[in-house]
Every structure is written in structure tokens, then in C-alpha cells.
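Here the structure is laid out as C-alpha cells; the discussion comes afterwards.
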């Protein structure tokens with residue numbers, strides 16, 4: 001896996017290692033060879049992600065993670081697997097932005113290490129790049145189940161368990 005990290009906020013000192021763990025685990029879990037794909041990650045703060053959220057989603061507020069898939073891969077039917085990425089000359093899956101402030105705040109509120117929450121957000125973002133979504137009920141169930149399985153293999157708890 002080639003993960004290109006652009007670090008705009010120096011508080012993200014360990015983002016490259018966390019990104020490699022999360023993206024490799026996600027791709028491996030789904031049966032893809034990580035070494036053939038590329039993902040770009042922007043490690044930023046709340047101000048930057050709020051601007052991106054406003055520009056791309058018309059929501060002028062901070063969020064934890066945003067993703068921009070290189071291709072449309074979403075499943076046609078609610079709960080079905082998305083289309084697999086095609087191997088070709090450009091194997092970029094897309095871009096992910098993650099905000100330190102929101103990530104740290106959510107981790108603290110949940111009583112978990114920021115390291116664990118960051119890996120969850122990057123797994124979540126990588127799944128979005130692969131066409132998974134949580135807008136429809138069965139799609140959300142599928143995506144959350146995959147997140148739980150992937151994080152479990154990494155020794156992290158189920159983020160959706162109360």
C-alpha cells in the first residue's frame with residue numbers, strides 16, 4: 001500500500017503508521033492486495049476539515065473524517081457489496097481527510113485512546129473509498145459489521161457496542 005500523508009497539523013505525529021495499519025487491515029480483510037493501491041491522507045485540524053465539509057458537502061462545520069473515492073463503487077441495492085476496484089495503470093483509491101481536534105474530542109468522550117479512534121476513522125474512510133456507505137439501513141449494517149471485524153482483528157473493541 002502506498003499511503004501518501006500530507007500533515008497540516010503537527011499534532012498528527014503518528015498518522016503515517018496509523019494510516020498504514022488501518023488501510024492495510026481494511027484491504028487485506030476484503031481480499032485485496034494492499035501493495036497495488038494508493039491512498040492520500042490529509043491530516044488536518046477542525047478549521048481545515050470544516051472548510052472541506054462546506055465545499056464538498058455544503059455542511060460548514062467540522063467533522064471527524066471525510067473521503068473522496070476515485071471512482072463510484074457503491075452497490076446498487078441496499079446491503080449488497082460494492083463494486084471491486086479495478087486494477088489498472090492508476091490504482092489510486094482516493095483521498096481521506098481526518099481532523100485532529102474532532103478525533104481527539106470524540107476519543108476523550110468515549111474514554112478510548114486517540115490512537116484507537118484514529119485507526120477506526122481511517123478504516124471507516126478506507127471503506128468509503130471502496131464504495132461502502134451508511135446512508136441506507138442495510139448498507140450501514142454491512143459497513144459497521146466490517147469495521148467491527150477489521151478492528152477486532154487489530155485487537156480493538158467494537159466501536160458500535162454500547
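The values are calculated or read from the model by the stated rules, or taken from the named source; none is laboratory data. Not measured: the values here are computed from a predicted model. Don't worry about glycine lacking a Cβ; one is built from the backbone with ideal geometry, like all the others, and counts go over all protein chains shown.
Evaluate the following for residue 109: is it under 21 Å from residue 47 (Cα atoms) and out of contact with any helix residue (DSSP H, G or I) (no Cβ under 7 Å at 6 or more places or on another chain)? Show your work before the answer.
Details: under 21 Å from residue 47 (Cα atoms): yes; out of contact with any helix residue (DSSP H, G or I) (no Cβ under 7 Å at 6 or more places or on another chain): yes.
So residue 109 passes the test.
State all residues of region 81-93 that are surrounded by 13 or more Cβ atoms within 10 Å (Cβ to Cβ) and either closer than 23 Å to residue 141 by Cα or in contact (Cβ under 8 Å) with a residue 60 or more places away in the chain (or both); if no residue qualifies, say none.
We begin by selecting, within region 81-93, every residue surrounded by 13 or more Cβ atoms within 10 Å (Cβ to Cβ); these are 81-83, 85, 91-93.
Answer for region 81-93, where residues must be surrounded by 13 or more Cβ atoms within 10 Å (Cβ to Cβ) and either closer than 23 Å to residue 141 by Cα or in contact (Cβ under 8 Å) with a residue 60 or more places away in the chain (or both): 81, 82, 83, 85, 93.
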Q | Residue in region 66-89 that is at pLDDT 95 or above and within 14 Å of residue 121 (Cβ to Cβ) present | A | yes
Q: Sort out which residues of region 24-46 are farther than 20 Å from residue 102 by Cβ, in contact with a strand residue (DSSP E or B) (Cβ under 7 Å, 6 or more places away or on another chain) and either modelled with pLDDT under 95 or not in a strand (DSSP E or B) (or both), and write them in order of number.
A: 37
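Within region 126-150, restricting attention to residues that are touching a residue at least 40 places away in the same chain (Cβ under 8 Å), in contact with a helix residue (DSSP H, G or I) (Cβ under 8 Å, 6 or more places away or on another chain) and part of a helix (DSSP H, G or I), which residue is nearest to residue 29 (Cα to Cα)? Working first, answer last.
Filtering region 126-150 for residues touching a residue at least 40 places away in the same chain (Cβ under 8 Å) gives 126-133, 136-139, 141-142, 146, 149-150.
With in contact with a helix residue (DSSP H, G or I) (Cβ under 8 Å, 6 or more places away or on another chain) added as a condition, the list becomes 126-127, 130, 132-133, 146, 149-150.
Restricting the remaining residues to those that are part of a helix (DSSP H, G or I) gives 126-127, 146, 149-150.
Values: 126: 12, 127: 11, 146: 9, 149: 8, 150: 7 Å.
Residue satisfying both the conditions and the ranking: 150.
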